[in-house]
1. Please find, among A:L723, A:L727, the residue that is facing chain B (nearest Cβ under 8 Å), in a helix (DSSP H, G or I), under 21 Å from B:L125 (Cβ atoms) and not charged (D, E, K, R).
2. Of all residues in the range A:546-597 being over 38 Å from the mean Cα position of the chain (by Cα) and basic (K, R), which is farthest from A:Q610 (Cα to Cα)?
3. Considering only residues of the range A:599-637 that are modelled with pLDDT under 90 and part of a loop (DSSP other than H, G, I, E, B), which is surrounded by the fewest Cβ atoms within 10 Å (Cβ to Cβ)?
4. Considering only residues that are buried (at least 18 other Cβ atoms within 10 Å of the Cβ) and more than 25 Å from A:K511 (Cα to Cα), which ones fall in the range A:467-487?
5. So, A:R731, is that one closer than 30 Å to B:T120 by Cβ and not hydrophobic (A, V, I, L, M, F, W, C) or not?
6. Within the range B:122-194, which helices (runs of 4 or more DSSP H) (wholly inside it) include 1 or more residues that are acidic (D, E) and touching a residue at least 12 places away in the same chain (Cβ under 8 Å)?
7. May I ask you to list the residues in the range A:480-508 that are of a type in the set (G, A, S) and in a helix (DSSP H, G or I)?
8. Taking the stated definitions as given, is B:D113 more than 9 Å from chain A (Cβ to nearest Cβ), free of Cβ contacts under 8 Å to residues at least 40 places away in the same chain and of a type outside the set (G, A, S)?
Amino acid sequence: MKGVLSYLIFFFLTLNLTGQVSHICLDCHGDKELHILEDGKYLSLYVNENKYALSVHAKLDCNECHKNYDPFNLPHITKEEKTEITCIECHEQESSEIASHSPEKVKCYDCHSKHYTQQGETLLFEEQKFCISCHDNSSARNYIKSIHYLPAGENEKPVKCLDCHDQKAHRVTPARFTEEKLHAVCAQCHETIVGQYELSLHGKALAQGKFLAPNCITCHNKHKIISHRNPAANTFKMNIPNLCGKCHKEGTKVSELKVISQRNVLANYSQSIHGEGLFKRGLIVTAVCNDCHKSHNILPHQDPKSSINRNNIAKTCQQCHAQIEKVHVKVIEGQLWEKEPHKIPACVDCHQPHKVRRVVYEEIFTDDYCMACHQDKTLQYERNGEQKSLFVDLVEFKNSVHKENTCIKCHSNINISNLPVCKDSGPVDCSACHAEVVEIYKTSTHGKLVADADPNAPYCNDCHGTHNALSKKNVNSKTFRTNIPTLCADCHREGEEAAERYEGKEHNIIKNYTMSVHGKGLLKSGLVVTATCVDCHTTHGELPASDPRSTVYSDNIPKTCATCHLGIYEEFKRSIHSPLVSKTEEELPTCYDCHRSHNIKRVDETDFRQNIIDRCGRCHEDVTETYFESFHGKVSKLGETKVAKCYDCHGSHNILPAENPESMISAANVVETCAKCHDGSNERFAGYITHANHYDKEKYPYLYYTFLFMTILLVGTFAFFWLHTLLWLPRALIDKKMIFRKKQKNKDDESNN
Amino acid sequence: MNQTISANKSNNIYFERFDSFSRFLHVLVIVSFLLLALTGMTIKFSGSPIFQTISKILGGYEVTSVIHRFAAIITGVYFGLHIWYLLNKLKTGKLSLKELLSGENSLVPNKRDFTDFYKTVKWFLGLGPRPDYGRWTYWEKFDYFAVFWGVAVIGSSGMLLWFPEFFTNLGLPGWTINVAAIIHSDEALLATGFIFTVHFFNTHFRPEKFPMDTVIFTGTISLEELKEERPRQYEYLLKNNELENYLTKTPSTKAIKAWKVFGFTALSIGIILVLLIIYTLIFL
C-alpha cells in the first residue's frame, strides 16, 4: 500500500514536470550506481531527478540538449555523431559577449552545471567560494583570508569577487587592473581614503606616472587584504616600518632617487624611543611611520596641510602626547603650541624626527655653533643708529637661571635660510615659556608702553637681565626681594624717566618707601616678608591707581593690603568704613587714606599718631574741631602722643558707630574703652562729652550757659578795669608832672634862697 | 629848712606795710601763679606755635602737667596758710573779728569804698582831688577777693579735672567735667589777664610807681610815700598813736636790688605772657 502511494506521487510529479523522453532516461540515469569508464576514469551518469526538477531547465526534455540521442540503444549516440552541447542555440545573446571566460576555456556548464542549472545571480552571489572552485590558486586562497571575505563588522557586507572583477561574470576581463581602474574599483567603497591618497605624495607620484609610486595594493595586497588590526597584515602596526621600509630604507630605489633631508630613516627609527618601544618592548601604542606621516594623505613637510608641517607638528605629536604641556613648563594649556606655533620651537626642533630620544637640539644648532661668533667681545650690530654689543658672556650665562637651556630655546626665531641664521631674529619672546606672565605683562602699563614702542618702556630684560637672568630667590638677583626697590628706582626715582612722566600725587616714592615701615622692614631689618614695590603693584601687571583694574585702585587697596594684613582686613570688612557695611554715595576711606602708601609709618610712631587726626578730619571735620577743643585734642596739639587720638576711642579697623553694641564707644563698651587710659573709669565718667560744643545751646545747655556766664564775667571785669586804667593813666601822668614841677620849684626856691 | 629836714627824715623813715609772712605768701603766689599761667596757657592755646614752643621749652606736656599740678599744690598751700594766718591772728588776739570784718584795716569792702570809687572817677576826670585812700584801696580789696574767688573757682574745677574718675565715682555726672573745663579755662584767662594787666598797672606801672613797687617784697614804704598815698591811713595811725609800731629800718639796697631782679623777672614773664595771649586771641 505504501509502495503504491509513493509510486503514484512519483508518477504524477514526473508526469507533470518532465516529458515522456526524460521519464524514459531517468529510468536508468536515476540510478546512483550508473557509471561508465572513460579513458580509465570513473564517470558517474547519475542525474538527481529532484535537483533537476529544481533547475531552470526542469521543464526541458533531456533530448532538447542531448540531441540525436537514442534512448533505447547503447551507446545512445556514436562518437562520430556526438557534438558538444552548447548553450548558444538558446542563449545566443550572452555567449557572444564572453571575454575572459571564452567558450574555449570555460564551458557554460563549468559554472552553471549540467543538469542543476541555476540563474547566474543565484550561483555566484550565493556562494562566495564559487569562483574559487575553478580559481583554486594562491590569490583565491588569500581572498578567503581577507577582510573582504570575512568582514570585521557585523553589518558590513562581504566583498565578493565580482565586486572588484567587473559586475558580470560573462564580461570578466583579465585580472590585471590598470592603475586608474584599480583606484576606481577601491573608491567604490573607500572613496574618502582614495581621495586622500590621490592628493598625497604617493598619489601624485602615481598620477605623474612614476613607476615606483605605490598604489593601494602595494601596501594592502591584491586579495590578502587584511585588517590592520590583524598581526598578519602588512599594515599591522608592528609591520608598518617594514612596509614603509620596503621603499624608504637605505639602498632602495626610492631612497636613491629621492633626496630628502632625513637620512637612515628606518635605521634611526629603530634606534629611536618610538622604534625601541615597538621593536624591543612590543608596544603597539608607540608611534610608527603612519602615526606621524599619516597613512593615506602623506604630504611633504613643506605643505601647510601636512601633519609634519612645522605648524602642525605639535598637533601631530599631541595625538599621543596629549598632556605634554603639563611637563613642558608653562606653555599655557598647550594653547600656544596649537594657536601660535610660530612663537615657539616645534617639537622636532628639540626632539629630532626619527631619532626622537631626548632633546637633541644641540646637534642641530649647538651652543658652540652660536658661540663661535658670540664669544667675540667686539661683535656688534647697529640698531636705531646705536651700536649694540652681541657678545655673550658664557660664564655669566652658566650661572644664570637659564643655564640648562640652549641658545636656541630662547632665540627660537632663527631662520636657516639666513646668513647668519640668527639675522633679524628679533628680541627674545619670553612668552614661549613664560606665557602666563607675559600675558599679564601685556595688560600692564609697562606692557602697553612696549606695545606703543615707547623708548622708556621696560621689557622683560630690563628687570630680569638677559643672559645673566637670575632667579628671584637668588640674593644677587635684581629681582631678589631686597633689591626690588633699587630695581624699580632705576626708573621711578625722582628725576628718572618714569618719575618725570608721572603726573600723580606720589612723589619721592623711593625715598619715602625707604623711610616707611615696609622699607625699614626690608632694608634695615632684612625682612623679606615685608612689602616691596611688587607686593602692592604686582610683579608684572602694574597699573596706575586710577585704573579700576589696578591693585592700588582705591576700591582694591583693602584686598591688596589683605594679602599680608588679612586679619586687619577681616576687621575692616565689618567696620563702618567698609563698603560692605556702609552703602553710601560718599567716598569711603581705604587703608591708604589713613596709612598713606609709600611713606607708610609704624602706627606707634609719633608722626602717625599725630597725623591720624588730620586723616580722620578730612572727612569728619566737625568732630575733629570739637576734638581739638577738648583736653585730648589740645594736649595732642602739643605733640603729646600718649593722649587719646581718634582711634584710641573709636577703634581703627573695627570702627563702628556708637549705636552698634560692638562699637568701642557703645554704651556697653565705653567704660572699658576709657579705662584703657583712665583707671577707675565708671559709667558717669564715661558720660564726659568728648566732642562737646559749648556754642550749641540746644544740645549742651549746661555748657552753653556756663560759657555764657564766664564770658560775661570776663568781658565785664575787663571792661570795668581796663576803662578804670585807661582813665587813671592820663590823670596819674598829669599829677606826676605837677609833683615834679612842684619839686623842681621847691628846689629852685631852695637854691635861690 | 625845717621842712626839708622833716621831708628828708620822712623819706628815710620807713613804714612796714606787709609783715614778713604775708610777703612770703605773696612770693608763693607769684611763683605758683606764673607757673600755673605758663603751663596752663600752653594747653589752652596749644594750637599756637608760640605756646607749642613754650611747652617744648618747659619739657613738653608730660613735664608741664607735673609743674601745673605742683604749682596748684603751692596755691593750695598758700591759700591754707593765709587762712591759718588769719585764724591765728584772731586766736592770739592780735586781731579782733570786728577789726577783720570792718574798720580801717579790714579788707572787707564797705560803704567808704564806693564813695572812694566815686571820688576816684571824679579825680580821673579832673573833677576833684585825689581821694585820701586808706590802708586798702577799693581796687586792692578787689584784688584780694579776686584771689579768693579765683582760687576757689579754679581750684575746685581744677581738682575735678585732675581727678575726674574719683569725682564721677562719687556721683558727679560726666558733663560736669566739661563744665569744669570751661570754667577752669575761662577763669584762668580772666585771672591771668587781670593780674598781668590791671594788677600790674594798678600796683607797678602807674606813673607814681613805674616801673615797679617793691613794697610787696621789702614790705616797707617811706613815710613820705605813705603820707602822700594813703593819707587816711597815716592820719588814722597818728590819731591812734600806732605809727610808731610800724616804723622800721631802711631796707638794704642789696635786698632791694635782689627783689627787683626777682620782681622784674616775674613782671616780664607776666607781660610777655599776656601779650602772647592777646596776640593769640586776636590772630589765631
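1. Values: A:L723 fails: facing chain B (nearest Cβ under 8 Å).
Of the residues listed, the single one that is facing chain B (nearest Cβ under 8 Å), in a helix (DSSP H, G or I), under 21 Å from B:L125 (Cβ atoms) and not charged (D, E, K, R) is A:L727.
2. Top of the filtered list is A:K583.
3. For the range A:599-637, the residue satisfying everything is A:D604.
4. A:H467, A:N468, A:A469, A:L470
5. Spelling it out, A:R731 is indeed closer than 30 Å to B:T120 by Cβ and not hydrophobic (A, V, I, L, M, F, W, C).
6. On the way: elements: B:138-162, B:164-170, B:175-193.
Of the helices (runs of 4 or more DSSP H) lying wholly inside the range B:122-194, those with at least 1 residues that are acidic (D, E) and touching a residue at least 12 places away in the same chain (Cβ under 8 Å) span B:138-162, B:175-193.
7. A:A489, A:A498, A:A499 - these are the residues of the range A:480-508 that are of a type in the set (G, A, S) and in a helix (DSSP H, G or I).
8. Considered against the rule, which asks whether it is more than 9 Å from chain A (Cβ to nearest Cβ), free of Cβ contacts under 8 Å to residues at least 40 places away in the same chain and of a type outside the set (G, A, S), B:D113 comes out as yes.
The values are calculated or read from the model by the stated rules, or taken from the named source; none is laboratory data. Computed from a predicted structure; not experimentally measured. Note that we place each Cβ from the backbone using ideal geometry, even for glycine, and neighbour counts take in every protein chain shown.
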